[in-house]
Amino acid sequence: MDVRKLMLVDDEEGIRRFLGLSLQDMGYEVETAANGQEALELFEQFKPPIVLTDIKMPVMDGIELLRRLKEISPDTEVVIISGHGDLELAIEALKNDAADFITKPINNDVLEISLERLCERIGMKRQLREYTENLEHLVEEKTQRIIDLERETAACRVVEGLSTALSNVANQVEKESGLFNELPCLVSVHNRNQEIVAANALFKQRLGEFIGQKSYSIFEGRGAECVDCPVRKTFATGKGQHSKEVVVSETGERIPVTVYTAPIHNTEGNLDLVLEISVDMTELSRLKEELLATQLKFQRLFDEAPCYISVQNPDLTIAEVNRRFDEDFPDAAGRYCYEVYKHRGAPCHECLVNKTLEDGESHQMETVVTTAKGEQKNILVWSAPIRNAFGEITQVMEMSTDITEIRRLQDHLTSLGIMLGSMSHGVKGMLTALDGGVYRLESGLRRKDQDRIEQAMDTLKHMINRIKKMILDILYYAKSRALDSEEVDAAEFLNGVAALIKDKAESAGIAYECDIPSGLGAMEVDSSAFSAALVNFLENAVDACESRRNGPPVISFRAAGNGDEIEITIEDNGMGMDRETRDKIFTLFFSSKGKKGTGLGLFISNQTIEQHGGAISVESELDKGSKFVITMPRQLPDHVRQAHHLQEECGQE
């Protein structure tokens, strides 16, 4: 599949023509479609790995096209473009696994960076797939070779059952004729005095003339007191024996052999002779060493691979992990994968291992996991079946690549793009109002109408302040805006925040307990940003209590001074959260409210508190409520203050 193939879908012919030319200049093979239905028909023939589609089109819009493409080809990367900047549409697209969201007018540099990142992602998936297929092929090849050798060795053991048919074997061996001279083994016949009385041609060719010598003389390290020699034990027990020995050829070569003996009875039924067959195990020993070296090689690759690798049994227990997996998820062997990764008590409904066990295919997904140290990691997971010699799936290999940093950068760019798009219409309206204010000012100056001039100036000042606030918000969410800090009385500030949510809580029938002592002292905060963060936590507490099933709902908002810090606690007895949800609540676009939530609130609130130098700890259990403890410094950290001074200097320039 050519990674540089791309399909462009837009109902505007001009955009298809000019954007298509730009994409061709970037090195892509481009096909275009005017709507979603036409794109689906073209996709079956063109098979592009990347689709770039407008969001609002006749016949079939971009969201429906995205869903249909993901059903047909889950690996296809879809980039949504829009000239409307609608926040809800953007979130809906990303929730349906869109690769990116780009607003019009399209910046070619931004588009090129996004497409190159998708090409790298597709390439990485392909490399993982090829690695898995090669590994399966090598394991299958070596396994089949071992099975063949085991069958060959087992065939030699059948000789033990031939004792009743060997009455004339001594004669055959002595005359160098018959079956035993055709066998590719060292064959010899021994009497009760443990002397070699006959040997086949191969025996004489490789070891020399040993007729008349002691049975044990052909074996390395065996002497006259050899009480456990195979021949001697056969005469003692009357039963066939086998052992591992080493013989030395005429050229001095040491040959490892497996020795099998079988008793030969005379016509009276007495044990008269012993047949000894020695099978050369040199090739098997070489293959075992080669297999061991191969196993060590793949073990090193397994351990040194720059990703998490685990081998899981059909019951979802972990059989084996590589070194990197064990570092972040120690003592995982024998435990359930969903317990190690997600801290769940039951399998995930989208479990890749179960899917692979069901259909025998490889599957991939992106998810968030929590390490033993509490670190959240975005990972790209790929599953592959492990089959036995009969083609049956016995285990599943799961490989997970850490893409936390990539996702963090992507989320940052995505959140900024969504915000800019949603604000574009507001900016347009304010610019229109500015044009009106300028017109009124000019007309007032021409007419020398002082009232009209003053009204125009008020309009201009108001709109300039609104534009200034919007620009500061954009800089804040882009993490390039310093806090607009001020020193406030902590008790007065927190009581003001508490009052903002009081009416909402009481109207919902929720008991609202507020404990803010008057002697908290002063604290330095961006009052607007920090107030919004606390209100967000309180509103979530109200929502959680409204979903409470049993007992009267209660929300507690309290604070306490602790040296150079102030500890703020927001606690409720609402619906609570499980471990998996608790670990993800500060992730961008994650929401436990379904379509009612955007997944932005707690993400931004967490950013605000961290920018102040504060920290949040969370305790929660299902049906038992949640507790958020926010620890804030009384004074801003030095790095925050330096950023504030730098912002002021830039503003003066």
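No lab work stands behind these numbers, since they all come straight from the coordinates. Just so you know, these numbers come straight off a predicted model, no measurement behind them. Glycine also receives a Cβ, built like all others from the backbone with ideal geometry; neighbour counts cover every protein chain displayed.
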Checklist line | Pairs from LYS5/LYS70; LYS5/LYS377; LYS214/LYS239 whose Cα-Cα separation, in the structure shown, is over 22 Å | finding: LYS5/LYS377
Note to self: Could you tell me the center-to-center distance, by alpha carbons, between region 203-246 and region 440-458 in angstrom?
What the structure shows: 122
Item checked: Residue order, fewest to most beta carbons within 10 Å, for PHE203, PHE537 -> PHE537, PHE203
Next item on the list: Sort VAL197, VAL78, VAL279 so the one with the fewest other Cβ atoms within 10 Å of its own Cβ comes first.
Entry: VAL197, VAL279, VAL78
Next item on the list: Using the structure shown, list the pairs from LYS104/LYS125; LYS56/LYS104; LYS502/LYS584; LYS125/LYS373; LYS504/LYS627 with a Cα-Cα distance above 18 Å, or answer none.
Entry: LYS104/LYS125; LYS502/LYS584; LYS125/LYS373; LYS504/LYS627
Check: Exposure proxy check: THR608, THR143, THR76, THR432 ranked by fewest other beta carbons within 10 Å?
Finding: THR432, THR143, THR76, THR608
Item checked: Charge context of GLU220, other residues only, Cβ under 15 angstrom, K/R +1, D/E -1 -> 0
Next item on the list: Using θ = phi - 60° and the Karplus relation 6.51 cos²θ - 1.76 cosθ + 1.60, list the HN-Hα couplings for region 32-43 in order, rounded to whole Hz, with x at every Gly or Pro.
Entry: 10, 9, 8, 7, x, 5, 5, 5, 4, 5, 5, 4
Item checked: Nearby aspartates and glutamates by direct alpha-carbon distance to LYS47 (threshold 15 angstrom, same-chain neighbours under 8 apart not counted) -> ASP2, GLU29, GLU31, GLU38, GLU71, ASP75, GLU77
Next item on the list: Compute the signed sum of charges (Lys and Arg +1, Asp and Glu -1) over the other residues within less than 14 Å, Cβ to Cβ, of ARG300.
Entry: +1
Next item on the list: Might you report the magnitude of the Cβ-based charge dipole of region 511-587 about its Cα centre, with Lys and Arg at +1 and Asp and Glu at -1, to the nearest 20 debye?
Entry: 320
